[in-house]
Amino acid sequence: MTRAVISLGSNVDPEQNIRLAVRLLDRCDGWSVRAVSPSYAGRAVGTDGPDFHNAAALVVTDLEPSELKTRLRAIEERMGRIRTEDKFAPRQIDLDVVLYEGFEGEVDGTAIPDPGLETYSYLAVPAADLAPEWEYRTGGSTLRALAESMDREGLELMSSELAPMDHTRRYALETSMEADNGEVYDSEMESNVKEMLLAVGEDPEREGLARTPLRVAKAMDFLTSGYTTSLDEAVNNAIFETDADEMVLVKDIEFYSLCEHHMLPFFGRAHVAYLPNKRIIGLSKVARIVDVFARRLQVQERLTNQVADAIEDVLDPHGVGVVMEGSHFCMMMRGVQKQGSSTVTSAMRGGFKSNHSTRSEFMELIKG
């Protein structure tokens with residue numbers, strides 16, 4: 001395992017996005033977060049845009065620098081970051097490897113150690129908070145010396161309470177969802193749930209609700225675990241060579257998700273088929289791919305397309321067909337209150353879209 005320092009920066013809802021990034025970093029299994037610096041606000045560089053908030057995280061990992069960078073880019077995408085040619089454009093989050101123990105070089109055009117550590121206090125100060133005696137380069141200045149030599153004008157301490165959760169308290173599976181005596185799982189989320197209970201006129205201290213904020217935090221962690229599960233993790237290399245070229249169908253895959261408009265559940269069945277192109281995937285992995293995208297705040301239309309796109313990305317098949325049938329509590333419990341209603345969505349790719357007989361065969365197979 002190797003130490004690395006990851007810088008975090010944001011100037012779009014920065015306080016919220018820095019905190020979210022810390023949570024997402026802590027929930028990934030490619031590394032272990034050992035410490036998080038305070039966050040600092042400072043003027044944006046190269047533009048007169050909104051001020052940036054910056055922080056740093058110290059991790060230990062067995063990933064190579066290039067793999068670590070790829071995982072960080074995936075987290076940026078989950079948070080809505082869209083990279084453009086304008087390197088000074090506002091952004092929800094920047095996640096960069098600024099130091100990697102024992103490594104000096106370039107990764108996909110990015111220098112490690114980051115040269116900005118010698119120039120910008122917003123990079124050097126948070127890194128020095130975590131590892132003051134770490135040498136910027138072998139035999140060179142320590143991070144503490146670099147930070148102390150810099151002008152900190154305009155750099156303002158914003159928050160010293162960014163420490164991640166104890167990683168052993170994170171639940172990747174639907175187990176240990178109850179509230180143990182004295183346990184604190186996610187203090188920030190638990191506080192928010194308590195405020196919500198007060199807002200609806202409840203007493204969060206009464207016996208039945210006393211541990212509800214903790215239970216809700218655990219449940220939401222599980223129900224939104226798709227944000228921190230990558231497609232590679234779900235597939236887990238279960239791809240196999242084959243000469244088969246007939247349709248493969250996995251039907252009646254149960255899924256459960258949360259409507260992004262009301263955060264009420266919707267659930268149902270997914271039917272996923274593909275036409276192999278020299279490769280097939282383990283059948284259970286199809287269900288895991290559905291879960292990766294279902295365990296997020298969703299709309300069924302997007303969920304259906306994401307599953308189809310993922311199968312395409314993983315297998316490059318001759319065609320993909322996905323049909324999802326869902327019942328939505330936001331339509332059943334509130335609003336029009338139509339308990340018997342359901343929604344059917346489909347996504348067709350390749351042969352399923354261009355070949356009528358293939359599509360008809362698929363639709364016939366999933367009936368009943």
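Annotations for the structure displayed:
- Candidate set from region 133-172 (those that are in a loop (DSSP other than H, G, I, E, B) and under 11 Å from residue 37 (Cβ atoms)); member that is modelled with the highest pLDDT: 162
- Qualifying residue in region 346-360 (condition: modelled with pLDDT of 95 or more, part of a loop (DSSP other than H, G, I, E, B), farther than 20 Å from residue 233 by Cα and in the same structural domain as residue 243 (by TED's automatic domain parsing)): yes
- Selection of region 239-263 for residues being under 27 Å from the mean Cα position of the chain (by Cα) and exposed (fewer than 15 other Cβ atoms within 10 Å of the Cβ) yields 239, 252, 254, 256, 260, 261, 263.
- Residue match in region 102-109 (condition: surrounded by 13 or more Cβ atoms within 10 Å (Cβ to Cβ), at pLDDT 90 or above, more than 22 Å from the chain's Cα centre (by Cα) and outside the structural domain of residue 297 (by TED's automatic domain parsing)): yes
- Only a single item in (1) at pLDDT 85 or above; (2) of a type in the set (Gly, Ala, Ser); (3) surrounded by fewer than 17 Cβ atoms within 10 Å (Cβ to Cβ); (4) under 25 Å from residue 157 (Cα atoms) is not met by residue 46, and it is number (1).
- Filter result for residue 287 (in the same structural domain as residue 244 (by TED's automatic domain parsing), crowded, with 23+ Cβ neighbours inside 10 Å and small (Gly, Ala, Ser)): no
The values are calculated or read from the model by the stated rules, or taken from the named source; none is laboratory data. Remember, predicted model here, so these are calculated numbers, not experimental data. Backbone-built Cβ (ideal geometry, glycine too); neighbour counts: all protein chains shown.
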